[in-house]
Amino acid sequence: MARKLLLEHINVPGINTLDVYRQKGGYRAVEKALKTLTPDEVVEEVKKSGLRGRGGAGFPTGMKWSFLAKPEGVARYLVCNADESEPGTFKDRYLMTYIPHALIEGMIVSSFALGANTSYIYVRGEMMPQIRILERAIAEAKNAGFLGKNILGSGYDLELYVQPGGGAYICGEETALLESLEGKRGNPRIKPPFPAIAGLYGCPTVVNNVESIAAVVPIINDGGDEYAKIGIGRSTGTKLISASGNLVRPGVYEIELGLPVEEFIYSDEWCGGIANGKRLKATVAGGSSVPVLPANLTLKLANGDPRLMSYESLSEGGFATGTMMGSGGFIAFDEDQCIVRNTWNFSRFYHHESCGQCSPCREGTGWMEKVLHRLEYGHGKMSDIDLLVDVSKKIEGNTICPLGDAAAWPVASAIRHFRDEFEWHVNEPVKSLSTNYGLANYAEPIAKAVTAEN
Amino acid sequence: MLKVEEQQPVEFSSALIEKFDEIVRRYPEGKQKSALLPILHLVQAELGWLSAAAMDKVAAYLDIQDIEVYEVASFYSMYFLKPQGKYVLEVCRTGPCCLVGAEKLMGHIEDKLGVKENEVTADGLFSWRGVECLAACGYGPVLQIGPEYTFYENLNEQKVDELIEDLRKK
């Protein structure tokens with residue numbers, strides 16, 4: 001059995017309550033940090049652990065913390081990014097639902113390390129049940145003396161609040177999140193200045209993902225060196241993977257980084273293989289924003305070695321033959337799934353969620369969605385395929401925030417690996433209709449329309 | 001779009017104002033605008049949607065310009081700027097849910113309720129819409145119903161029919 005640090009007690013009845021969480025060793029990290037360590041020593045442990053941001057960027061968390069400006073007399077903030085809305089990613093919802101005190105304990109330790117006396121958990125507004133769960137858990141923690149004034153007699157004060165979002169994927173980008181927390185539209189800010197210098201209300205701020213903050217708890221309990229022993233290379237520790245799509249057992253899994261992708265997909269300990277006895281066609285390994293990979297490159301590197309669930313192995317070969325760890329949102333497509341339709345679906349998502357601030361993203365995402373829609377529905381031209389590649393290149397790298405890249409990569413990679421399928425949609429517009437998506441009600445009239453037009 | 005004829009007078013109860021006050025206390029002095037999103041959620045839960053009059057009232061409470069409220073309410077997808085059904089069925093229409101039948105389910109809901117997306121049934125009880133990823137991709141198809149945002153997972157046509165009938169009986 002793989003070692004579990006975050007989900008070890010997930011199936012213990014009542015683990016969402018303070019009492020049971022403490023019976024299982026909860027809040028030891030708060031006691032250890034506040035009573036025996038200085039804030040700098042906590043930062044040092046996190047640096048030693050090698051923990052990398054679990055929200056998608058993979059930037060070393062301890063290093064990010066050490067960038068925080070510390071001017072005298074200026075408030076500092078820790079903001080937890082719980083705006084989980086990347087298609088394919090649902091690990092943070094799971095963690096907050098079933099073991100909310102893991103996040104709250106991590107927030108207390110992390111806030112102490114950063115010298116923040118007020119911290120916020122920004123939760124996407126659609127997760128109202130999780131917001132209520134967190135608020136209840138915060139009240140429990142406060143009543144037990146883990147929040148508020150002079151926590152555990154340490155002289156450290158912390159107030160912790162939950163902030164609901166309003167429904168906008170872009171608020172998962174850290175500066176857009178801060179704008180939203182200030183009561184504004186979620187338009188990303190130009191960086192620099194980075195939030196570590198000028199973040200919430202212009203004050204030094206660290207924004208970390210739910211899973212990153214929860215991981216601080218076992219790091220402090222066992223020490224950064226112990227955490228760094230788990231995993232492989234610079235991919236240390238464990239990682240929550242959200243598995244969805246055509247799998248026998250989709251769900252949230254905690255893996256030790258370095259697990260072979262093939263084992264993750266086919267082993268009974270994990271996803272149990274592809275559903276309904278089908279073959280694997282493709283995967284998206286790290287949430288919808290990362291490049292799609294065909295089955296052969298999902299399981300093996302270009303040189304034939306097994307591909308591993310690690311930051312380095314997943315990106316091996318660059319975008320030509322690799323992808324990214326991203327948020328750990330692992331989507332599997334079986335042999336019947338239509339790559340064109342799925343690419344259109346993701347493109348629609350990014351068009352819908354573009355904040356509209358940058359022209360390449362605002363216009364380009366809509367353009368890609370329209371072209372993909374006409375390809376999927378049998379009205380595409382062969383030149384549309386190169387047009388899509390061209391538009392994706394014009395978006396990539398030309399926007400304030402990474403949403404433009406996130407919109408471009410799925411399209412460019414789908415065409416890179418599955419160009420023949422796009423061409424088939426042009427050559428066989430009726431045959432290629434995606435009835436496998438449950439569109440039987442729509443397929444017949446569309447087929448008639450296409451036939452009449454042609 | 002905001003319409004002048006929808007400007008019915010709005011009064012917030014003292015209980016609601018108390019909740020507003022509690023939220024404003026979460027932020028530093030002078031940063032009360034941070035309370036805007038949570039307050040709009042509370043107002044929408046109370047009124048069912050956000051009329052221009054309601055948003056003006058929020059602006060006055062927070063001591064900010066009306067336009068600052070409009071631009072936020074119109075940016076985020078959770079705020080309704082026109083009346084909805086009592087129950088708004090929001091079905092996730094993004095990739096992973098579609099892999100397991102979300103589009104078919106939306107077609108079924110449209111047939112079952114007899115109204116198109118974003119329309120309200122004649123009895124005022126229901127409206128429905130497709131929404132982007134609800135972060136439950138492993139348990140799709142999923143839908144949620146506000147204002148509590150109760151969540152339903154692993155849905156099929158039969159489960160949706162039962163859910164709609166249960167709501168009709170409430």
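The values are calculated or read from the model by the stated rules, or taken from the named source; none is laboratory data. None of these values were measured; they are calculated from a predicted model. In this analysis, Cβ positions are derived from the backbone assuming ideal geometry, glycine residues included, and neighbour counts consider all displayed protein chains. Just the protein is used for accessible areas: all its heavy atoms, side chains included, with ligands, DNA and RNA removed. Shrake-Rupley method; radii C 1.70, N 1.55, O 1.52, S 1.80 Å.
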Worksheet entry | Single match in B:VAL58, B:VAL91, B:VAL160 (criterion: of a type in the set (A, V, I, L, M, F, W, C) and either within 18 Å of A:HIS352 (Cβ to Cβ) or more than 14 Å from chain A (Cβ to nearest Cβ) (or both)) | B:VAL91
Worksheet item: Looking at segment A:327-342, is at least one residue more than 12 Å from every other protein chain (Cβ to nearest Cβ), modelled with pLDDT of 95 or more and out of contact with any Leu (no Cβ under 7 Å at 6 or more places or on another chain)?
Response: no
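This table checks each residue for (1) among the acidic types (Asp, Glu); (2) under 13 Å from the mean Cα position of the chain (by Cα).
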| position | (1), (2) |
| --- | --- |
| A:PRO60 | no, no |
| A:TRP65 | no, no |
| A:ALA69 | no, no |
| A:GLY73 | no, no |
| A:TYR77 | no, no |
| A:ASN81 | no, yes |
| A:GLU86 | yes, yes |
| A:LYS91 | no, yes |
Worksheet item: Which one of A:ALA75, A:ALA29 is among the small types (Gly, Ala, Ser) and out of contact with any Leu (no Cβ under 9 Å at 6 or more places or on another chain)?
Response: A:ALA29
Worksheet item: Restricting the search to segment A:144-180, which residues are closer than 19 Å to B:LYS31 by Cβ, open to solvent by 10 Å² or more (accessible area, probe 1.4 Å) and within 19 Å of the chain's Cα centre (by Cα)?
Response: A:PRO164, A:GLU174
Fill in: Single unsatisfied condition, A:TYR120 versus (1) within 13 Å of chain B (Cβ to nearest Cβ); (2) open to solvent by less than 10 Å² (accessible area, probe 1.4 Å); (3) in a loop (DSSP other than H, G, I, E, B)
(3)
Item to complete: Identify the residue in segment B:14-38 that is assigned to a loop (DSSP other than H, G, I, E, B) and at the interface with chain A (Cβ under 10 Å from one of its Cβ atoms) and, among all such residues, is surrounded by the most Cβ atoms within 10 Å (Cβ to Cβ).
Response: B:TYR27
Practice prompt. Inspect segment B:89-111 for any residue being in contact (Cβ under 8 Å) with a residue 60 or more places away in the chain and open to solvent by 20 Å² or more (accessible area, probe 1.4 Å) and give the result as yes or no.
Written response: no
Discussion item. Out of the residues in segment B:125-154 meeting the condition of being open to solvent by 30 Å² or more (accessible area, probe 1.4 Å), more than 7 Å from chain A (Cβ to nearest Cβ) and farther than 14 Å from B:LEU105 by Cβ, tell me which one is farthest from the chain's Cα centre (by Cα).
Written reply: B:LEU125
Item to complete: For segment B:71-83, enumerate the residues that are within 14 Å of chain A (Cβ to nearest Cβ) and either in contact (Cβ under 8 Å) with a residue 24 or more places away in the chain or touching a Cys at 6+ places or on another chain (Cβ under 6 Å) (or both).
Response: B:VAL72, B:ALA73, B:TYR76, B:SER77, B:MET78, B:TYR79, B:PHE80, B:LEU81
Worksheet item: What number of residues within segment A:124-142 satisfy the criterion of being open to solvent by 30 Å² or more (accessible area, probe 1.4 Å), free of Cβ contacts under 8 Å to residues at least 60 places away in the same chain and more than 12 Å from every other protein chain (Cβ to nearest Cβ)?
Response: 3
Item to complete: Select, from A:ALA295, A:ALA275, A:ALA302, the only residue that is in contact (Cβ under 8 Å) with a residue 40 or more places away in the chain and either closer than 27 Å to A:ASP336 by Cβ or open to solvent by less than 30 Å² (accessible area, probe 1.4 Å) (or both).
Response: A:ALA275
Worksheet item: Taking the condition touching a residue at least 40 places away in the same chain (Cβ under 8 Å) and either in contact with a Cys (Cβ under 9 Å, 6 or more places away or on another chain) or within 22 Å of A:PRO306 (Cα to Cα) (or both), does A:VAL210 pass?
Response: yes
Item to complete: Take A:ILE151 and decide whether it is at pLDDT 95 or above, closer than 25 Å to A:GLY199 by Cα, touching a Leu at 6+ places or on another chain (Cβ under 8 Å) and of a type outside the set (Ser, Thr, Tyr).
Response: no
Worksheet item: Restricting attention to segment A:181-189, does a residue exist that is away from every other protein chain (no Cβ under 14 Å) and surrounded by fewer than 24 Cβ atoms within 10 Å (Cβ to Cβ)?
Response: yes
